[in-house]
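Structure first, then comments.
The values are calculated or read from the model by the stated rules, or taken from the named source; none is laboratory data. All of these numbers come straight from a predicted model, not from anything done at the bench. Glycine also receives a Cβ, built like all others from the backbone with ideal geometry; neighbour counts cover every protein chain displayed. Protein only, heavy atoms only, side chains kept; ligands, DNA and RNA dropped before computing areas. Shrake-Rupley method; radii C 1.70, N 1.55, O 1.52, S 1.80 Å.
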There are 2 protein chains.
Amino acid sequence: MEIHLPHLDSVFSTDCVIFGFEAGELKVLLIERNEEPFKDWYALPGNIVGPDESVDAAAQRILYELTGLHDLPMRQFHTFGEVNRHPQGRVVTIAYFALIRIGGQKDLMPITQYARKAFWHPVNDLPTLAFDHTEIFKRAFKKIRAKLNYEPIAFELLPEKFTLTQLQSLYEAVLSKQLDKRNFRKKMLSYGFLKELAEKQKGVSYRAAKLYKFDRRKYAKIFQNEIAS
Amino acid sequence: MEIHLPHLDSVFSTDCVIFGFEAGELKVLLIERNEEPFKDWYALPGNIVGPDESVDAAAQRILYELTGLHDLPMRQFHTFGEVNRHPQGRVVTIAYFALIRIGGQKDLMPITQYARKAFWHPVNDLPTLAFDHTEIFKRAFKKIRAKLNYEPIAFELLPEKFTLTQLQSLYEAVLSKQLDKRNFRKKMLSYGFLKELAEKQKGVSYRAAKLYKFDRRKYAKIFQNEIAS
DNA sequence: AGATAGTGTGTATATATTACACATTAAATT
DNA sequence: AATTTAATGTGTAATATATACACACTATCT
């Protein structure tokens with residue numbers, strides 16, 4: 001039996017690529033769709049922008065509706081404007097990415113019926129995604145890999161207090177390469193925006209590491225003269 | 001007498017920020033509008049995307065119609081999605097930039113009646129522009145300033161054969177700062193992607209400088225392992 | 001007391017960046 | 001022919017940054 005789908009006029013939508021970091025792995029937030037087309041498929045959280053909301057606001061609303069997450073600092077990274085991206089008609093999609101601390105939120109929980117569930121999936125070994133979401137994801141991943149080297153995005157993925165080893169392991173996960181421990185520490189500390197805390201790591205069965213936090217204030221002071229991206 | 005304007009449904013448009021370099025100055029391509037709203041104002045070349053063309057293709061078509069330029073390597077840099085950008089209704093605009101050699105083309109000449117003329121204007125001291133085009137321009141300018149440091153975009157603005165002094169003057173114009181001649185040359189040449197030609201500059205009333213050209217092949221070879229933007 | 005597992009640290013070498021000044025050349029002028 | 005003009009083309013020393021590399025220390029567990 002064929003499913004009848006209405007034809008859509010030109011519309012725009014947003015898709016969000018939300019990255020998280022957990023158990024030494026970089027992960028991306030997916031939903032399981034509960035709607036045609038691509039019902040039951042995995043997809044990036046995304047939907048149609050309303051006529052009376054800005055695209056930025058729509059991205060926030062849609063993410064909330066599909067996953068329960070709200071008020072993330074989302075950044076636009078590309079707009080996908082090919083003609084045949086959507087089986088039901090012309091859709092231009094403005095894509096966003098954000099990086100968050102997994103677990104910093106309460107559980108993931110779709111608010112609407114468009115998604116059956118929302119879940120984290122490691123970026124390596126992603127399943128096939130609906131629409132052109134695999135391409136959208138790849139582009140976002142490339143972007144954050146590049147940004148990692150010149151913007152302090154790593155700290156958005158880590159808990160507020162973190163060890164230098166955790167920071168390094170995040171860099172290694174995102175860049176897919178090993179880094180030298182001594183050089184990594186020397187460099188990170190040389191920037192001067194990491195604040196060493198009195199506190200130490202807890203609950204480990206070996207020597208506990210010092211905790212640090214990212215001092216956004218100092219960062220801004222140090223890099224205020226640089227050209228922003 | 002009031003002008004009646006039709007209400008538009010949600011549509012998308014493209015705007016292009018085309019940079020050129022002439023007489024030691026960075027310039028941007030503007031049009032003089034011949035249509036409401038903002039009739040007679042200066043603006044970036046832009047218009048509505050058709051239902052059956054990709055956004056990238058639309059950007060090319062629209063630029064051609066308004067200025068006569070075609071087949072430029074245009075790159076998307078931001079999408080403007082606020083609700084009240086356009087007095088006639090909701091318009092989401094995908095913005096592109098490109099860099100070209102002024103004079104490499106025949107004259108600028110609008111093909112359609114939407115623009116009365118197209119012309120180059122120095123980026124410093126821009127006139128007031130229609131819509132939010134000043135903001136769009138600024139964002140593009142910021143982008144190319146940043147890119148100049150990690151992508152070979154300078155060569156898109158220069159003639160095929162150029163002197164190192166011309167190259168330096170371009171860097172100085174875009175970055176708005178003076179650079180040291182010896183260090184600049186040392187660094188540029190150290191990359192290994194500039195090819196020194198046998199030929200020399202002509203028609204100058206002083207010692208003629210050596211000409212160089214950008215060797216795209218070598219560039220690709222040298223930077224193939226780097227993360228692209 | 002010993003084993004385990006990860007933390008924390010320094011130095012030497014190579015590479016890149018910065019600061020800085022003058023002789024050379026081609027054309028134009030006298 | 002000699003001089004003026006205006007810009008080209010070049011080197012070195014000092015400093016800062018990046019890389020390569022290994023082992024003693026410490027907290028917990030057994």
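Candidates in region B:140-150 are the residues that are surrounded by fewer than 16 Cβ atoms within 10 Å (Cβ to Cβ) and modelled with pLDDT of 95 or more; of these, the one that is farthest from B:His78 (Cα to Cα) is B:Arg145. Every condition in (1) within 14 Å of another protein chain (Cβ to nearest Cβ); (2) in contact (Cβ under 8 Å) with a residue 60 or more places away in the chain; (3) open to solvent by 30 Å² or more (accessible area, probe 1.4 Å) holds for B:Gln113 except the one numbered (1).
Only one residue in B:Lys138, B:Lys200 is more than 14 Å from every other protein chain (Cβ to nearest Cβ), among the basic types (Lys, Arg) and either without any contact (Cβ under 8 Å) to a residue 40 or more places away in the chain or more than 21 Å from B:Gly20 (Cβ to Cβ) (or both). Which one? After applying the criteria, what remains is B:Lys200.
Whenever a residue of region A:13-24 is assigned by TED's automatic domain parsing to the domain that holds A:Gly46, it has no partner that is acidic (Asp, Glu) and outside any strand (DSSP E or B) lying with C-beta atoms less than 7 angstrom away and at least six residues away or across chains.
Test B:Lys210 against the stated conditions and say whether it is away from chain A (no Cβ under 14 Å) and either out of contact with any Leu (no Cβ under 9 Å at 6 or more places or on another chain) or of a type outside the set (S, T, N, Q) (or both). Yes. The helices (runs of 4 or more DSSP H) found entirely in region B:157-229 that carry 3 or more residues being open to solvent by 30 Å² or more (accessible area, probe 1.4 Å), within 12 Å of DNA strand C (Cβ to nearest atom) and farther than 27 Å from B:Gln76 by Cβ are B:181-191.
Identification of strands (runs of 3 or more DSSP E) wholly contained in region B:10-83 with 1 or more residues that are more than 10 Å from chain A (Cβ to nearest Cβ) and open to solvent by less than 40 Å² (accessible area, probe 1.4 Å) yields B:25-33, B:46-48.
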